[in-house]
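Colleague: The structure is given below, and queries will be raised subsequently.
The values are calculated or read from the model by the stated rules, or taken from the named source; none is laboratory data. As the structure is a computational prediction, the values presented were derived from the model and not from experiment. Note that each Cβ is placed from the backbone with ideal geometry, even for glycine, and that neighbours are counted across all protein chains shown.
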Amino acid sequence: MAVKHLFLALLSQKELHGYELKNGFENLAGGRWPLNFGQVYQTLSRLERDGLIESYEVAQTDKPDKKVYRLTKAGREHLSEWLKAEDNWNLFFDELALKMLAFELIDPKEALEILRSYRSLTLRVIKSLTQMRAQKPENTTPALLLERNIYRAEADLKWVTNMIERWQKHD
Amino acid sequence: MIELVNITKIYGQKPHTVKALERITLQLKPNEMTAIMGPSGSGKTTLLNIIGCLDSPTSGEYFLDGKNTSRLDLKAKAQLRNEVFGFVFQAFNLLADKTVLENVMLPFRYSRRPRREWKQRAMTALSQMGIADLAQRYPDQLSGGQQQRVAIARALANDPKVILADEPTGNLDSTTSKEIIDVLKALAEKQGKVVVVVTHDGMVASQAHRLLQMMDGRIIDDSQIDSDSVVFSHPSV
């Protein structure tokens, strides 16, 4: 899903071969989302099948020919639509959301423990992200992405603290 | 270093009493920055004031380096306060008609330090905070972050063992908050001080080594914040 669209975005800049796309994607994701070659070539063959990219062979001496990919007009339009589309909000965006669905089925004390350990996680996440953020150059995409995650974790910390307080008054 | 045993604080006279702290037992160690979080009225500031000998508990014992402070008279307590503790506040609390240097020298007036040492000690504290070049300025010529650095330098002037900070980043933007909290953390890690920070800000609290969560005058959670154990996932393809 995301891999496909980011490949299109990378190809909107210039023609690339498979290995360069893999590297380009991993750089965008700050080295935190490794791809294997199977995923890379499966994604590329689907994009080509759907007419969003096309490829041609470049002959190389000593080495096998390399396949270079470029964006088609349909691919450019697809990319633009994806960028402009309003996103769906994922109500069940993480494991805790699913655990909360189970709260009515388990011992309330156990639920409180789950919330407490989630609270500890949000604090550790904020600490870790803040340290990572400090190492990224100001106003670059990786820094901004980390900042977004810090804000989200802070909001979650507020929420879970409030939940714990209410839960304890309940007892 | 600091040990509170069953500390309770009650304000007001019967029957109109408010229990601000209820049976708090707590130890604070050098090299450690502890954050205290909790809703308004949960007892955070009262706890900080009792730790700093600005207020006395209604019952319970408070040991400082093994010495029971509950038995000290007011004068001895004031002496202790000036020698052992450095305070940092949200509103910086700098005197507007004094220069930065004069502000930092202020605590010496209440200490037994000879006057000839004052300036050099104050300049050392300002250098530690990276603002020695601002010594002759007045507080209103400084940014919020710089003013808080001056306040921390003032708190450090008497070389206290304990730094107590009440919402030190409450008036600062998030980038400056991070700088100030890094400064406070370094005092714990590099100078072996006990550092306690009361805060509402999750980012600030998360930078501490340890977090106390308070509610209704009690500590409901006391945990270490170890960020090495975090695992980040990425979406499945």
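Colleague: Output the residues belonging to the range A:150-171 that are surrounded by fewer than 16 Cβ atoms within 10 Å (Cβ to Cβ), part of a helix (DSSP H, G or I) and within 12 Å of chain B (Cβ to nearest Cβ). Don't jump to the end; show me each part of the working.
Modeller: Residues of the range A:150-171 that are surrounded by fewer than 16 Cβ atoms within 10 Å (Cβ to Cβ), as a first pass: A:151-152, A:155, A:158-159, A:162, A:166, A:168-171.
So of that shortlist, the ones also part of a helix (DSSP H, G or I) come out as A:151-152, A:155, A:158-159, A:162, A:166, A:168-170.
Passing the criteria: A:151, A:152, A:155, A:158, A:159, A:162, A:166, A:168, A:169.
Colleague: Does at least one position in the range B:91-107 carry a residue that is farther than 29 Å from residue B:171 by Cβ and not polar (S, T, N, Q)? Don't jump to the end; show me each part of the working.
Modeller: Going through the range B:91-107, the residues farther than 29 Å from residue B:171 by Cβ turn out to be none.
No.
Colleague: Please state which of the following conditions residue A:114 fails to meet, knowing it meets all the rest: (1) within 21 Å of residue A:31 (Cα to Cα); (2) part of a helix (DSSP H, G or I); (3) more than 18 Å from the chain's Cα centre (by Cα).
Modeller: (1)
Colleague: In the range B:186-204, which residue that is within 11 Å of chain A (Cβ to nearest Cβ) and either assigned to a loop (DSSP other than H, G, I, E, B) or of a type in the set (D, E, K, R) (or both) is surrounded by the most Cβ atoms within 10 Å (Cβ to Cβ)?
Modeller: Going through the range B:186-204, the residues within 11 Å of chain A (Cβ to nearest Cβ) turn out to be B:200-204.
Imposing the further condition that a residue be either assigned to a loop (DSSP other than H, G, I, E, B) or of a type in the set (D, E, K, R) (or both) reduces the set to B:200-201.
Working: B:200: 15, B:201: 22.
Top of the filtered list is B:201.
Colleague: Here's something else I'd like to know. Could you check the range B:57-76 and list, in sequence order, the residues that are loosely packed, with under 15 Cβ neighbours inside 10 Å and not hydroxyl-bearing (Ser, Thr, Tyr)?
Modeller: B:65, B:66, B:67, B:68, B:71, B:73, B:74, B:75, B:76
Colleague: Check the range A:69-91 and report whether any residue there is closer than 19 Å to residue B:233 by Cα, at pLDDT below 90, within 14 Å of chain B (Cβ to nearest Cβ) and part of a loop (DSSP other than H, G, I, E, B).
Modeller: yes
Colleague: Determine which single condition residue B:157 fails, assuming it passes every other condition in (1) over 17 Å from residue B:91 (Cα atoms); (2) within 9 Å of another protein chain (Cβ to nearest Cβ); (3) crowded, with 19+ Cβ neighbours inside 10 Å.
Modeller: (2)
Colleague: In the range B:123-174, how many residues are of a type outside the set (A, V, I, L, M), under 19 Å from residue B:35 (Cβ atoms) and in a helix (DSSP H, G or I)?
Modeller: 2
Colleague: Another one. Look at residue B:95 and say whether it is of a type outside the set (Lys, Arg), surrounded by fewer than 17 Cβ atoms within 10 Å (Cβ to Cβ) and within 12 Å of residue B:154 (Cβ to Cβ). Walk me through how you get there before you give the answer.
Modeller: Values: of a type outside the set (Lys, Arg): yes; surrounded by fewer than 17 Cβ atoms within 10 Å (Cβ to Cβ): yes; within 12 Å of residue B:154 (Cβ to Cβ): yes.
The answer is yes for residue B:95.
Residues are listed down the side, and each one gets a yes or a no for (1) within 14 Å of chain B (Cβ to nearest Cβ); (2) outside any helix (DSSP H, G or I); (3) more than 20 Å from residue B:233 (Cβ to Cβ); (4) of a type outside the set (D, E, K, R):
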| position | (1), (2), (3), (4) |
| --- | --- |
| A:3 | yes, no, no, yes |
| A:10 | no, no, yes, yes |
| A:19 | no, no, yes, yes |
| A:26 | yes, no, no, no |
| A:33 | yes, yes, no, yes |
| A:44 | yes, no, yes, yes |
| A:54 | no, yes, yes, no |
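Colleague: I need every pair where a residue in the range B:85-107 that is closer than 13 Å to residue B:131 by Cβ has its Cβ under 7 Å from the Cβ of a residue that is of a type in the set (Val, Ile, Thr), sequence separation at least 6 or different chains.
Modeller: Cβ pairs passing all conditions: B:94/B:150; B:100/B:150; B:103/B:150; B:104/B:150.
Colleague: Is one or more of the residues making up the range B:100-113 loosely packed, with under 15 Cβ neighbours inside 10 Å and closer than 11 Å to residue B:151 by Cα?
Modeller: No, that holds for no residue.
Colleague: Here is a follow-up. Within the range B:50-68, how many residues are under 12 Å from residue B:4 (Cβ atoms) and part of a strand (DSSP E or B)?
Modeller: 7
Colleague: Continuing with this model, one more query. Is it the case that residue A:61 is free of Cβ contacts under 8 Å to residues at least 60 places away in the same chain, within 21 Å of residue B:234 (Cα to Cα) and of a type in the set (Val, Ile, Thr)?
Modeller: So residue A:61 fails the test.
Colleague: While we're looking at this one, here's another question. Can you name the residue in the range B:18-37 that is of a type outside the set (Val, Ile, Thr) and over 20 Å from residue B:195 (Cβ atoms) and is also nearest to the other protein chains (Cβ to nearest Cβ) among such residues?
Modeller: The extreme case among them is B:22.
Colleague: Here's something else I'd like to know. Can you tell me which residue is surrounded by the fewest Cβ atoms within 10 Å (Cβ to Cβ) among those in the range B:205-237 that are at the interface with chain A (Cβ under 7 Å from one of its Cβ atoms) and small (Gly, Ala, Ser)?
Modeller: B:229
Colleague: Would it be correct to say that residue A:69 is over 22 Å from the mean Cα position of the chain (by Cα) and within 16 Å of residue A:22 (Cα to Cα)?
Modeller: Details: over 22 Å from the mean Cα position of the chain (by Cα): yes; within 16 Å of residue A:22 (Cα to Cα): yes.
Yes; evaluated as a whole, the condition is true for this residue.
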